[in-house]
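The values are calculated or read from the model by the stated rules, or taken from the named source; none is laboratory data. What you are looking at is a predicted structure, and each value in this text was computed from that prediction instead of being measured. Cβ placement follows ideal geometry from the backbone for every residue including glycine, while neighbour counts extend to all protein chains displayed.
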Amino acid sequence: MEWSTRPARPDQPFGSWADDLAAAFVRLEPCRTTEEPFAGTICKVDAAPLQISLVSASGHTVQRLASHIASSTDDLCFVNLQLEGLGQTTQRGHEQISAPGDLALADTTQPFEIAHRHDFKLFCFAVPRRLLPDALLDRPRLGLSATATGRALSRTLSSYAELCLSGHQLANTSAMAGAHVAELIAHAPRILAEVPAERVHTPVLLSMMLDHIARRSSDPGLGAAALAAKFRCSERYVHRLFAATGRSVSEHVNERRIALCTRALLDRNAADKTIAEIAFAAGFRDISHFNRLFKRGNGLTPREFRRAAAH
């Protein structure tokens, strides 16, 4: 089964995507994260006891709402194998960041959000909850890209998915592959070993940290120490990663915060906010430091910039 959608009208940026998601998976609410035109495709095959889908789409967010669950009898978990792009899955206050090769799990019987800020591609394994251990559902840690064993597991799952979606296999082949996939996912926590983040491929880890900064720059405590704690590595290793970008952690964070402040100062709806309020909301703690950074980046003080933008 296949679904493909493009925007139909400006007031319907997702076209039939919400209906396509419901037909392929469960009822979900798509939300925009970009003004770029949207396009998405889903290719799905039954591989009892689960279903396997290949999803390719423009960046957006999908939410599983309480209202969806109230009118649903579905009892599934989505186990998504990231192929391209970075994904963020949030459920029960637990956040999973998925780089290519990682798994992320979402239980459809409880609200969740899956966010992609850029184009992405993933395999979705829709697995009955009864086939997965409770420990896996609680706070899943499925960063397969962190270890050689995990990467081997990722390649195995991907190969099974490709085999089932190829369209040339017999029904019993799909069922056999589906059973193996369900077993591998259920035992993934035992297969994976906890390792320091220093063993994650450097480009992947740096991308994850940069994405975290883009999403959390307004956190006043965001810095090298916070990144080290978040990604389970040393501050020294964080600084070494960022040295490859030519800029420090604080420079990346401040650049993002200044961009937020610049947009706020241009926003007529924020005209009633003081410059200090805007700076503090963006994560700055010292208004004098903010003023210096803003002038360095924009050539004008925040006050001069707002005055010039108003004319």
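Summary table
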{"read-out": "Condition check for residue 227: closer than 21 Å to residue 121 by Cα and either modelled with pLDDT of 90 or more or in a helix (DSSP H, G or I) (or both)", "value": "no"}
{"read-out": "Residue 279 without any contact (Cβ under 8 Å) to a residue 24 or more places away in the chain, surrounded by 14 or more Cβ atoms within 10 Å (Cβ to Cβ) and within 20 Å of residue 252 (Cβ to Cβ)", "value": "yes"}
{"read-out": "Identity of the residue in the range 213-252, in contact (Cβ under 8 Å) with a residue 60 or more places away in the chain and within 18 Å of residue 286 (Cβ to Cβ), that ends up surrounded by the most Cβ atoms within 10 Å (Cβ to Cβ)", "value": "222"}
{"read-out": "Yes/no for residue 112 being farther than 21 Å from residue 160 by Cα, of a type outside the set (D, E, K, R) and crowded, with 18+ Cβ neighbours inside 10 Å", "value": "yes"}
{"read-out": "Filter pass, residue 190 being surrounded by fewer than 16 Cβ atoms within 10 Å (Cβ to Cβ), charged (D, E, K, R) and at pLDDT below 90", "value": "yes"}
{"read-out": "Qualifying position, being in the same structural domain as residue 219 (by TED's automatic domain parsing), over 32 Å from the mean Cα position of the chain (by Cα) and either of a type in the set (S, T, N, Q) or closer than 29 Å to residue 236 by Cα (or both), among 262, 301", "value": "301"}
